[in-house]
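Engineer: Take a look at this one; I'll ask things after.
Read-outs throughout are calculated quantities, based only on the coordinates presented, and are distinct from any laboratory measurement. Quick caveat: nothing in here was measured; it's all calculated off a predicted structure. Here Cβ is always computed from backbone atoms with ideal geometry, including for glycine, and neighbour counts include all displayed protein chains.
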Amino acid sequence: MRTVRQLVLWAYPRGSWQYDLLAIAILAFIFLTPREIFRDQPRTTSLRSIDALSESSDVALFWVEPFVIDDIDTDDLDEELSFLLWQRTGRKLTVIDVQPSIDEEGGIRAYLIYARP
């Protein structure tokens with residue numbers, strides 16, 4: 001029980017072999033643990049974050065996840081969204097309107113993008 005208590009409280013004197021072993025174990029955990037375990041990769045804009053709700057010949061409606069819009073500069077919003085929609089659909093679309101979809105708590109759940117050819 002004493003050994004467990006010393007491990008948890010790191011009660012070994014600095015420079016002892018136990019202290020060095022604990023430091024090596026921590027460093028090994030930090031550098032050798034695969035990233036997938038913690039899922040800490042940066043979020044990238046994926047085409048799966050944009051869903052087509054309706055694609056009629058006049059106006060198309062898309063559901064876009066909030067992090068896609070949050071990462072885009074507001075000055076280039078229409079241009080960037082047009083590019084993302086082109087990647088998603090393969091068609092050149094012009095963004096007409098961007099409307100936030102608000103959830104019950106007042107947070108933005110997604111954005112509704114209206115676009116036309």
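Engineer: Helix 17-32 sits at what angle to the longest principal axis of the chain, using alpha carbons and giving 0 to 90 degrees rounded to 10?
Structural biologist: 20
Engineer: Further question: What is the magnitude of the charge dipole of the chain about its Cα centre, with +1 placed on the Cβ of each Lys and Arg, -1 on the Cβ of each Asp and Glu, and no other charges, expressed in debye to the nearest 20?
Structural biologist: 1040
Engineer: Continuing with the same structure: If eta is 1.567 mPa s and T is 4 °C, what Stokes-Einstein diffusion coefficient results for the chain, Kirkwood Rh from Cα pairs, in µm²/s?
Structural biologist: The estimated diffusion coefficient comes to 71 µm²/s.
Engineer: Same structure, new question: For the stretch 45-117, which trypsin sites (Lys or Arg not before Pro) are in a loop by DSSP, counting at most 13 other Cβ atoms within 10 Å?
Structural biologist: Sites meeting the loop and neighbour criteria: ARG91, LYS92.
Engineer: Follow-up. Where is the GNM fluctuation largest for the chain (alpha-carbon springs, 10 angstrom cutoff): PRO100, PRO13, PRO66?
Structural biologist: PRO13
Engineer: For ALA110, which sequence-distant residues (separation of 5 or more, or a different chain) have an amide H within less than 5 Å of its own amide H, given hydrogens modelled in the peptide plane?
Structural biologist: Amide H to amide H, under 5 Å and 5 or more residues apart or across chains, ALA110 pairs with SER101.
Engineer: Which of the listed residues, VAL59, ILE24, TYR111, is farthest toward the dipole's positive end in the chain, when Lys, Arg count +1 and Asp, Glu count -1 at the beta-carbon?
Structural biologist: The residue sitting most towards the positive pole is ILE24.
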